[in-house]
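Engineer: Please see the structure below; I have some questions.
Laboratory data are not the source of any read-out in this text; all were calculated from the coordinates shown. All figures in this text were calculated on a predicted structure; none of them were measured in a lab. Here Cβ is always computed from backbone atoms with ideal geometry, including for glycine, and neighbour counts include all displayed protein chains.
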Amino acid sequence: MNMKLVKRVLAVTMAASLVVMPLTAGATDSAESSSSDTTVTAAQAETVSTTSQVVAGGTVVKNELPGAFQIAPSSPISGVAIRQSANTIKASAGLASNQTPFTRVYTLDPNKSKAVYASFNAATATYGGTVVAAINSDLGALTGGKFTSLPEGVTVPVTLGIKNFDANATYYIVKVSKGGVIEKIPVTVENGKITFEITGGLAAYALVKM
């Protein structure tokens with residue numbers, strides 16, 4: 001696995017988190033790192049194609065989509081797995097033959113992503129519950145080594161593993177997308193795992209426990 005590549009690709013996504021706007025007018029997040037280099041070769045992409053999986057409830061859910069994943073060891077999320085193959089996404093998104101689906105996912109630190117967490121907390125004030133953890137996801141494609149986001153109309157199932165899963169609790173997901181749009185989205189919870197749909201482009205997703 002090419003960790004230098006993973007860090008470089010994630011750095012671009014972290015800088016892009018500036019465009020995920022909160023409910024609080026005028027608030028923004030500080031970029032955790034920055035880079036103007038978004039070029040990734042097909043060969044490099046293959047080296048990070050299996051960098052995440054979910055181990056929960058006695059089962060292993062493997063990631064199916066090439067991408068760069070960074071799950072903080074301290075996060076209550078134990079892993080991330082995209083549940084759809086590159087070929088399926090390519091067909092459903094109408095991508096050209098020279099385009100390859102690719103995703104960038106990393107856990108959000110509440111101390112470094114305060115504006116996004118403000119949105120999550122505002123949502124839980126309405127829906128109830130407490131934010132357990134959150135991720136940023138940028139679902140896109142590589143064209144000639146250059147990453148671009150897919151349209152929001154493209155949806156892909158993803159599974160998160162939940163550490164210290166409480167079978168007596170209720171879990172759900174809150175999504176915050178560009179422009180400060182916040183929504184509670186449908187989920188399936190089973191044996192320490194939560195599955196839901198992520199959309200094309202950049203968005204943040206919070207795991208909430210009630």
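Engineer: If each residue of separation counts as 0.36 nm, what is the full-extension length gain between Lys112 and Ser85 once their alpha-carbon separation is subtracted?
Structural biologist: 6.5 nm
Engineer: Could you pull out the pairs from Lys114/Lys178; Lys62/Lys112; Lys112/Lys163; Lys175/Lys209 whose alpha carbons sit more than 26 Å apart here?
Structural biologist: Checking Cα-Cα distances, Lys62/Lys112 exceed 26 Å.
Engineer: If you put +1 on each Lys and Arg Cβ and -1 on each Asp and Glu Cβ, how big is the dipole of the range 65-210 around its Cα centre, in Debye rounded to 20?
Structural biologist: About 200 debye.
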